[in-house]
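Trainee: One structure, as structure tokens, below. Some questions next.
Just so it is clear, none of the values below were taken in a lab; they were calculated from the coordinates. These numbers come from a predicted model, not from an experiment. Neighbour counts run over all protein chains shown; Cβ positions are idealised from the backbone, glycine included.
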Amino acid sequence: MQEKKVNDVLDGKLAARPIIVHSRRVPRMQPYQKIIVAIMVATLFLSVVNISIAAAAEPPQDPAAIVLAQSQDRRGPPREAIEACADKDVGDACSFQGRGDGAAGGTCQSPVRDRPAVCVPEGGPRG
């Protein structure tokens with residue numbers, strides 16, 4: 001049977017008959033759907049860029065700068081006490097000009113391991 005059809009096609013007998021090709025119709029996106037997809041892709045792209053920028057930002061390298069910034073609002077140790085121990089180790093002797101009652105001497109101490117040492121007057125910090 002197949003050979004007869006092939007021979008008929010080759011002879012031109014079936015040339016007048018249209019060949020029907022069955023295909024599934026692919027659904028097309030509507031214009032509003034294209035806009036929604038474009039917005040979603042742009043949002044995803046901007047999120048990835050934002051995350052990569054945030055990951056690339058380096059934290060401050062100098063913990064003394066953080067302590068100095070925190071001491072600007074007059075809470076915590078005075079800036080002079082921090083600067084007095086900037087180049088010293090914990091337990092070293094230090095002295096600094098106090099907040100109005102003259103020079104204060106003491107030792108460099110750090111209550112937290114990752115914070116820089118601060119010159120603490122003898123007898124403890126004064127309120």
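Trainee: Under a 5 Å amide H to amide H cut-off, with H placed in plane at 1.01 Å, what residues pair with C94 once short-range neighbours are removed?
Mentor: G106, T107, C108
Trainee: Could I have the simple spin-label model distance between F45 and Y32, label points 7 Å from Cα toward Cβ, reported in nm to one decimal?
Mentor: Distance between label points: 2.4 nm.
Trainee: What FRET efficiency do you get for S110 and I53 if R0 is 30 Å and r is their Cβ-Cβ distance, rounded to the nearest 0.05?
Mentor: The calculated FRET efficiency here is 0.35.
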